[in-house]
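In what follows, a structure is listed as structure tokens, so that the remarks can point back to it.
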Amino acid sequence: MQEVTPQEGQRRVQAGALLVDVREPDEYRDVHAQGALLLPLSELETRYQELPQGRELVMICRSGARSARAAEFLHAQGYAQAINLAGGTIAWQEAGLPTEKGDPAPSDSTTPINAQQDNT
């Protein structure tokens, strides 16, 4: 499984990759990388098919451990373009990259991820 730095992760997101935060909603609410979509690791096994298979997925969590597990799981399901953001949200913040606070958009919990707004 490939890992990228926060700076490389941001570059890939700007180029069209989807940034997926696998932390729990309370963690996401406190702070998250700007533009990250919430798909908690606890729901990944039942919701992973909402993710687009033909698009690069940059997985992020707090420190990089949960997102690494998520990327490995996705690889096993045929998502060859899932990568891990090394160091997670902590490293993203330390790099001075943009963050946001607050709940996910109301549609995030009911609309499949592959039907949500495209960053490209």
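Structural remarks
- Cross-chain or 6+ apart pairs with Cβ under 8 Å, the range 34-63 first and free of Cβ contacts under 8 Å to residues at least 40 places away in the same chain and over 16 Å from THR99 (Cα atoms), then among the aromatic types (Phe, Trp, Tyr) and assigned to a helix (DSSP H, G or I): LEU44/PHE73; GLU45/PHE73; TYR48/PHE73
- Output for the range 8-33, where each listed residue is farther than 23 Å from GLY102 by Cα and either of a type outside the set (D, E, K, R) or crowded, with 16+ Cβ neighbours inside 10 Å (or both): ARG12, ALA15, GLY16
- Condition check for THR46: at pLDDT 95 or above and crowded, with 17+ Cβ neighbours inside 10 Å: no
- Unique match (being more than 14 Å from LEU19 (Cα to Cα) and modelled with pLDDT of 95 or more) among ILE90, ILE60: ILE90
- Residue within the range 67-84 that is under 22 Å from GLY102 (Cα atoms) and out of contact with any Gly (no Cβ under 7 Å at 6 or more places or on another chain) present: no
The values are calculated or read from the model by the stated rules, or taken from the named source; none is laboratory data. These figures come from a predicted structure and were not determined experimentally. Cβ coordinates were reconstructed from backbone atoms using ideal geometry, including for glycine residues, and neighbour counts include every protein chain displayed.
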